[in-house]
Amino acid sequence: MDLNPPPGENYAHPKICFFHVFFKAAALAFYILSALFISNFVIIFVVTVLLAALDFWVVKNVSGRILVGLRWWNEINEDGESVWRFECLDQESLARMNKKDSWLFWWTLYLTAVVWVVFAIFSLIRLQADYLLVVGVCLTLSIANIIGFTKCRKDAKKQLQAFATQTIASRFTSSIQSAFTAV
Amino acid sequence: MSNSDTVPLHPSSQSDIDEIENLINSYPSSVLPARPPSPPRIPVSSTPPPPPSFIPSNLPPPSVPKPTPVFSPAPSVPAAPLPPIPPPRGSATSSSSIAGSGFGPAPNTLTEPVWDTIKRDLSRIVSNLKLVVFPNPFREDPGKALRDWDLWGPFFFIVFLGLVLSWSASVKKSEVFAVAFALLAAGAVILTLNVLLLGGQIIFFQSLSLLGYCLFPLDVGALICMLVGNVIIKLVVVAVTLAWSSWAAYPFMSTAVNPRRKALALYPVLLMYVSVGFLVIAID
């Protein structure tokens, strides 16, 4: 992953990208600014955690699907066991995904987690247990999404590899076949 | 497999598609079958496909028989419905009709699925609430009770209870809220761990979800207590809602463990609800 957005194309889904970034930025901004302006911790807690939870929902259900074509969820099957499901688009659609969209998606995902970690360290140093609680909740929500989508992506890569090897293998066998028929 | 049924999103991806198409087209006999014109959407499991659920902070517990992630053909997402087409490639899946918009349908369905997702999640909260708090034929079976667990409901109920307690308190409002939230959240986690350590067969998040939903009667009780000043009425209201909460949580918890250990699993739950009840009464 590079630091600059890929050149050339524009964002394919600008509204989704906006919302993807909006809730994250709003949660962070509210957390930072509220410490300066609002003395009531309850409001800070509720609003920040609410924004973080909304961001979690948006990333998981909307922008993950649309920007990078990945989805993950948990279901309980007939035997009463919980199964985690990771899902991705087929390869052609994945290849069509806008590169800028996915660059934005992944970068903001990782960046917000890093920023929350920094805030956690700050509140640890200042021994503010209640702010640590807020940061802890937001951080765990971010990390849950990161883990889910990274797992999806790894499986998507495995699928791509399988596709590639299958194509190469079939090409190989076909060329051998044609070699034998030509003889 | 022609270009007529696929519309590339961007010119830059056209070359990729051409490459893949050439590969596929040159070897008709032994290669992958035709690309579907629209994403395949067949639910494989016999249960209705559960929509994505709100997952909390902890890492997913490896309690599954198949630890590797499972690829499944996507359940039909409530959007502009496309006719289901048999998936020619078992491993390839697609997630939504929006993804299928790369193949043709207009992106004005972009807002629709979001609304549908929201509505679906909201209706799931309501149905979970009804399942847990009101009489329900399945509540004896921990496997079936609260199959479609979600954590949005518990989140709202815990925050609401914390807010009500905080409003009722005349001093130290922030601390009351923080303590109430931490107590309820940590309490739910610890209660679940308690059952798991007693050898009970429950699923972590399902139990968290259930304990959160069982807070609903106490929420109602706390709200009433905030509005009513008389101590006797408060006592009665809290006693009633406490009994209701415990009654809601009892079947699930008790059937999850060995019958000899039932009391061990249930006592902490009752203790937590009783202490929340005391908090509601004592707040002034």
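Here are a few things to note about the model shown:
- Unique residue being touching an Asp or Glu at 6+ places or on another chain (Cβ under 8 Å) and over 22 Å from B:ALA186 (Cβ atoms) when the list is B:PRO251, B:PRO259: B:PRO251
- B:SER168 vs. criteria over 20 Å from B:VAL133 (Cα atoms) and either touching a strand residue (DSSP E or B) at 6+ places or on another chain (Cβ under 7 Å) or buried (at least 19 other Cβ atoms within 10 Å of the Cβ) (or both): yes
- Exactly one residue out of B:VAL269, B:VAL280, B:VAL276, B:VAL240 is touching a residue at least 12 places away in the same chain (Cβ under 8 Å), open to solvent by less than 60 Å² (accessible area, probe 1.4 Å) and more than 17 Å from B:VAL189 (Cα to Cα): that is B:VAL280.
- Selection count, segment A:77-119, where residues are in a helix (DSSP H, G or I), out of contact with any helix residue (DSSP H, G or I) (no Cβ under 6 Å at 6 or more places or on another chain) and free of Cβ contacts under 8 Å to residues at least 24 places away in the same chain: 5
For (1) facing another protein chain (nearest Cβ under 9 Å); (2) assigned to a helix (DSSP H, G or I); (3) over 23 Å from the mean Cα position of the chain (by Cα); (4) among the acidic types (Asp, Glu), each residue gets a yes or a no:
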residue	(1), (2), (3), (4)
A:SER123	no, yes, yes, no
A:LEU127	no, no, yes, no
A:ASP130	yes, yes, yes, yes
A:SER142	no, yes, no, no
A:ILE147	yes, yes, no, no
A:LYS151	yes, yes, no, no
A:LYS158	no, yes, no, no
A:PHE163	yes, yes, yes, no
A:SER170	yes, yes, yes, no
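Quick grid of which residues meet (1) without any contact (Cβ under 8 Å) to a residue 60 or more places away in the chain; (2) assigned to a helix (DSSP H, G or I); (3) open to solvent by 50 Å² or more (accessible area, probe 1.4 Å):
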{"position": "A:HIS20", "(1), (2), (3)": "no, yes, no"}
{"position": "A:SER39", "(1), (2), (3)": "yes, no, yes"}
{"position": "A:VAL42", "(1), (2), (3)": "yes, yes, no"}
{"position": "A:THR48", "(1), (2), (3)": "no, yes, no"}
{"position": "A:ASP55", "(1), (2), (3)": "no, yes, no"}
{"position": "A:ASN61", "(1), (2), (3)": "yes, yes, no"}
{"position": "A:ILE66", "(1), (2), (3)": "yes, yes, no"}
{"position": "A:TRP72", "(1), (2), (3)": "no, no, no"}
{"position": "A:GLU75", "(1), (2), (3)": "yes, no, no"}
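- Search result, residues across segment B:242-284 that are under 28 Å from B:SER170 (Cβ atoms), of a type in the set (Gly, Ala, Ser) and under 25 Å from the mean Cα position of the chain (by Cα): B:SER245
- All conditions in (1) more than 10 Å from every other protein chain (Cβ to nearest Cβ); (2) surrounded by 22 or more Cβ atoms within 10 Å (Cβ to Cβ) hold for A:LEU89, with the sole exception of (1).
The values are calculated or read from the model by the stated rules, or taken from the named source; none is laboratory data. In this text the structure is predicted, and so the values were computed from the model without any measurement. Positions of Cβ are backbone-derived with ideal geometry, glycine not excepted, and every protein chain shown enters the neighbour counts. Just the protein is used for accessible areas: all its heavy atoms, side chains included, with ligands, DNA and RNA removed. Shrake-Rupley method; radii C 1.70, N 1.55, O 1.52, S 1.80 Å.
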